[in-house]
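See below for the structure under consideration.
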Amino acid sequence: MAIFSVDNLDVSFGTRRHPTRVVHGVSFAVEAGKTLAIVGESGSGKSVSLLAATGLLPPSAAVSGSARHRGTELLGLSVGRLRRLRGAQIGFVFQDPLSNLHPLKTIGSQIGEAITAHQRVGRSALRTRILDLLDEVGIRDPARRIDDYPHQFSGGMRQRVMIAMAIALGPDLLIADEPTTALDVTVQAAILTLLRQLQERHGMALIFVSHDLGVVNDIADDVVVMRGGSVVEQGPAARIYGAPKEPYTRLLLGAARHGLALGTAAPVETKPLLTVEGISRRFRRGGKAEGTLQALDRVSFALREGEILGVVGESGSGKSTIGRIVVGLDRPDEGQVRLGNNVYAHAGATTLTGQQRSAIQMVFQDPYGSLNPRRRIGAILAEPFIINTELSASQIRARIRDLVDVVELPQDVLDRYPAQLSGGQRQRIAIARAVALEPRVIVADEPVSALDITTQAKIIALLRSLRSRLGVSILFISHYLGVVADLCDRVLVLQAGRIVEEGATARVFRHPTQAYTQALIAAIPGRRAREADEPRRLAVHG
């Protein structure tokens, strides 16, 4: 019997006269001890369906159909009964733990609130229970960490805290909505392993929401594929992965497997354009007693002309620090950085000329955060020309129209604001701004981590096209190893501020020499799909 089932669910927003229907006749079910994955692009209706079924949408939403938990109809249930049900019998793990944890409360007190909201527990017994939960989700030394605040935890540890809150009362259903999207590949693998272990230990039903079929491949028993608010395909995971019926499912599978079919051609040798020589960077941890953090330790490499060089590693490995130093937003404590023959960053200082600033541009991780929300796209793209050139207004308008064409967007985006664009469109605008002044180097710092997998594939194709058309060199920083494998000519593997391995991408991914690199590659989502594809890859590439 299904623990949780949804039948013919419809969700609309807006007025009665002019409703906007966002979910259309969605049905699915999950049994105890089983994992149901709901997969689709951003805006497909995955999260809205679950929020509607559990009574978490605002009153303005019109919801119809049926949602049952152990036979109890949830739609139309009173607010009080829903509150008693959520948390106690249905646990939730959301995508961004930092925004879902109170920054001014200790993690122990927040886990305690999840318990005391439903049960009366004495102070001593409550603390013991919280410590047991922290230990169960893999927080080391819980007695020391129980009184820490969220900002003192890494992203993976914060997600473990969220999981501890979700399982605190032993629910029979756990809903995990994109719980690993913002995490690096090894932390992602650890969280997936933790969820599997908790499910086996407690016999919970698990609904796992994701945009990536590669991620859920290693955890799902059944898969529901959604698009445009409707279910386009569902069934056992083995059938979905082995013999998908719908073109859209095959598209998602193709996007999930990008970067797994590596070519064998070596990158073309060209002369170095950007040279990083022995740079180190240290940050003070707070007070003098806490000492310093060695973010980079004598890092050296060269970015060649027309090359895409990947920089990979776990969170905290120093990837973004390299990017910030290269683009001039930070300075090294030791070593130097050269563009051509000109040193512009050295120990304690960065001295970029105006010409060098135009030659080195950056694409940031969050396109919404890096675009001014109060300015139209046309004004945002015009700004580099206004500041750095003497072009007339008509010439600038012509240049920004050309830029929009280069990043393959319609001209009408110029009159919109960033909030009126999708995440992928915003990132294309950020890329257009970066190439506006025809730079020689682009530093792309996690440019696809906030995007769903099919949009990621489109941005990768765009970057590859820009390299071919403009001859620009790209330093591509990412924790998505599949993306790096698909895009980059060479790769640097960073661990604790040091380069532990480097070389041609095909060589590093196929024959890694370092245990750390081997662990990173083994943690790439979709292991079963890669193993199933191996005979075909060998046949194609020899």
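The values are calculated or read from the model by the stated rules, or taken from the named source; none is laboratory data. Quick caveat: nothing in here was measured; it's all calculated off a predicted structure. For neighbour counting, all protein chains shown are included, and Cβ atoms are generated from backbone atoms with ideal geometry for every residue, glycine included.
Across region 394-412, not a single residue is classified as closer than 30 Å to D184 by Cα, over 25 Å from the mean Cα position of the chain (by Cα) and assigned by TED's automatic domain parsing to the domain that holds E305.
I'd like to know if region 77-97 contains one or more residues that are over 15 Å from P171 (Cβ atoms) and surrounded by 20 or more Cβ atoms within 10 Å (Cβ to Cβ). Looking through region 77-97, at least one residue is over 15 Å from P171 (Cβ atoms) and surrounded by 20 or more Cβ atoms within 10 Å (Cβ to Cβ). You will find that of R399, R374, R357, R331, the residue that is under 30 Å from L520 (Cα atoms) and of a type in the set (K, R) is R331 and no other.
The residues on offer are L329, L352, and the sole one that is at pLDDT below 90 and touching a strand residue (DSSP E or B) at 6+ places or on another chain (Cβ under 8 Å) is L352.
Residues in region 11-44 that are surrounded by fewer than 23 Cβ atoms within 10 Å (Cβ to Cβ) and in contact with a His (Cβ under 8 Å, 6 or more places away or on another chain): E41, S42. Can you report the number of residues in region 103-129 which are surrounded by 15 or more Cβ atoms within 10 Å (Cβ to Cβ) and in contact (Cβ under 8 Å) with a residue 24 or more places away in the chain? Qualifying residue count, region 103-129: 9.
Among the residues of region 477-519, the ones that are out of contact with any strand residue (DSSP E or B) (no Cβ under 7 Å at 6 or more places or on another chain) and either closer than 25 Å to F364 by Cα or of a type in the set (F, W, Y) (or both) come to 8 in all.
Taking each residue of region 378-397 that is without any contact (Cβ under 8 Å) to a residue 24 or more places away in the chain and looking for partners that are surrounded by 14 or more Cβ atoms within 10 Å (Cβ to Cβ) and among the aromatic types (F, W, Y) with beta-carbon atoms closer than 6 Å, six or more apart or interchain, yields L391/F385; I396/F385. Counting only residues that are in contact (Cβ under 8 Å) with a residue 24 or more places away in the chain and over 22 Å from the mean Cα position of the chain (by Cα), region 17-53 holds 17 of them.
Results for (1) modelled with pLDDT under 90; (2) part of a loop (DSSP other than H, G, I, E, B); (3) out of contact with any helix residue (DSSP H, G or I) (no Cβ under 8 Å at 6 or more places or on another chain), shown as yes or no for each residue.
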{"position": "G482", "(1), (2), (3)": "yes, no, no"}
{"position": "V500", "(1), (2), (3)": "no, no, no"}
{"position": "A532", "(1), (2), (3)": "yes, no, no"}
{"position": "A539", "(1), (2), (3)": "yes, no, yes"}
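Restricted to region 295-373, the set of strands (runs of 3 or more DSSP E) holding at least 1 residues that are under 20 Å from the mean Cα position of the chain (by Cα) comprises 308-312, 360-363.
Residues in region 10-20: is at least one closer than 29 Å to A238 by Cα, in the same structural domain as G235 (by TED's automatic domain parsing) and either of a type in the set (D, E) or in contact with an Asp or Glu (Cβ under 6 Å, 6 or more places away or on another chain) (or both)? Yes, region 10-20 contains a residue that is closer than 29 Å to A238 by Cα, in the same structural domain as G235 (by TED's automatic domain parsing) and either of a type in the set (D, E) or in contact with an Asp or Glu (Cβ under 6 Å, 6 or more places away or on another chain) (or both).
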